[in-house]
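Step one of this worksheet: look at the structure below.
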Amino acid sequence: MLSVLLPAMLALQAMAVLELQVPEQPVVALHRSDVTLNCSFSHVGPFNLSDLSVFWQLTDTKRSVHGYWAGRDQLVDQAETFANRTSLFPSELGLGNASLLLSRVVVADEGSYTCFVRVQDYGSAALFLQVAAPYTKPVLTLKPESNLRPGDEVALTCLAYGGYPEGSVIWQDESGRNLTDNITTSVVANEEGLFTMTSILTVVLEPNSTYSCRLINPLLGEEGFAFVTITGQNIAFPTVALWVTVGLAVCLLVLLVALAAVCRRKIKESCEVARREAEEAKMLEEEESKTGVEARRLGGEGEDESGG
């Protein structure tokens, strides 16, 4: 029935005087949410709903999205992809509201939709539906993660997924300067049409450097930010510097051992000298003591001889 009515309505379009109002700007709907495609009309005087016909179809492919006439929904010709996902607002049809409620929006729903209305007169208007899905928070990884040396080439990977439409990734350094060289970005869609974005920045490693990636969804604005700081603690000594350090440590150890040996020898020699000096002093004291005793003995003998 729809395939018969629509061509007839299009043939009479040139005679149409029924004006329809639809959004001029694209309608943005979040993935898996519900959205209303607004379409209203103005009709002079009251009318019977049995005289009203409303058709929604895809503008490009002409596939039927929703039909209404004879006072009820007519969904025989409805495309399978829209089954159980569309409805009008029956209580508002008499007020000139021919809007369509589309439930559980998916990426494949994106495109142009045409609203046809007939109440004795005819009118049609098209609007555009855009689908948006937020990306996950970006994850930034460093490869390789270890055994890094200044001057090494390092790949920084920024990954986010589950978003739509294709976003853009902006790389910056610690000063906020945009990095545009040596960047590779790939976009892969899953079965739902949602994207996984992978952006790889290749840099020459410098200590104490910060790199950030910023993901921007053209419909939802900035969605995520991630950064990584590479400090000197993350960088291993180069091989030459390592051996120089080990050599210096060995030399210092040998010097300390030699110094300890010299000190020990000096201390031993000092002790030996002190011991000899003590022995010599003791011997001298003993000799002086013997000399005093002998002098007293000789003095006593002289006094005895004088008395006799």
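The values are calculated or read from the model by the stated rules, or taken from the named source; none is laboratory data. All values derive from a computational prediction rather than experimental measurement. Heads up, the Cβs are rebuilt from the backbone with ideal geometry, glycines too, and the neighbour counts pull from every protein chain shown. Ligands, DNA and RNA are excluded from the accessible area calculation, which covers all protein heavy atoms including side chains. Shrake-Rupley method; radii C 1.70, N 1.55, O 1.52, S 1.80 Å.
Rounded to 0.05, the FRET efficiency of the residue 152 and residue 255 pair, given R0 = 25 Å and the Cβ-Cβ distance, is 0.10. Enumerate the residues in the stretch 106-120 having an amide nitrogen under 20 Å from the point lying 7 Å beyond the Cα of residue 79 toward its Cβ. Taking a point 7 Å out along Cα→Cβ of residue 79, the residues of the stretch 106-120 whose backbone N falls under 20 Å are 106-117. When 56, 69 are compared by accessible area of protein heavy atoms, the largest-first order is 69, 56, using a 1.4 Å probe. Share of pairwise Cα-Cα distances greater than 24 Å in the stretch 72-206 is 54 percent (whole percent). Each residue of the stretch 188-203 was assigned a 3J(HN,Hα) from its phi angle through the Karplus curve 6.51 cos²θ - 1.76 cosθ + 1.60 (θ = phi - 60°); the sequence is 10, 9, 8, 5, 8, x, 7, 9, 10, 10, 10, 10, 10, 10, 9, 10 Hz, with glycine and proline shown as x. Sorting 157, 184 by accessible area puts them as 184, 157; the probe is 1.4 Å, largest comes first, and only protein heavy atoms count. Placing R0 at 35 angstrom, the Cβ-Cβ distance between residue 61 and residue 216 gives a FRET efficiency of 0.65 after rounding to 0.05. In this simple spin-label approximation, residue 191 and residue 42 carry label points 7 Å from Cα along the Cα→Cβ vector, and these lie 5.0 nm apart.
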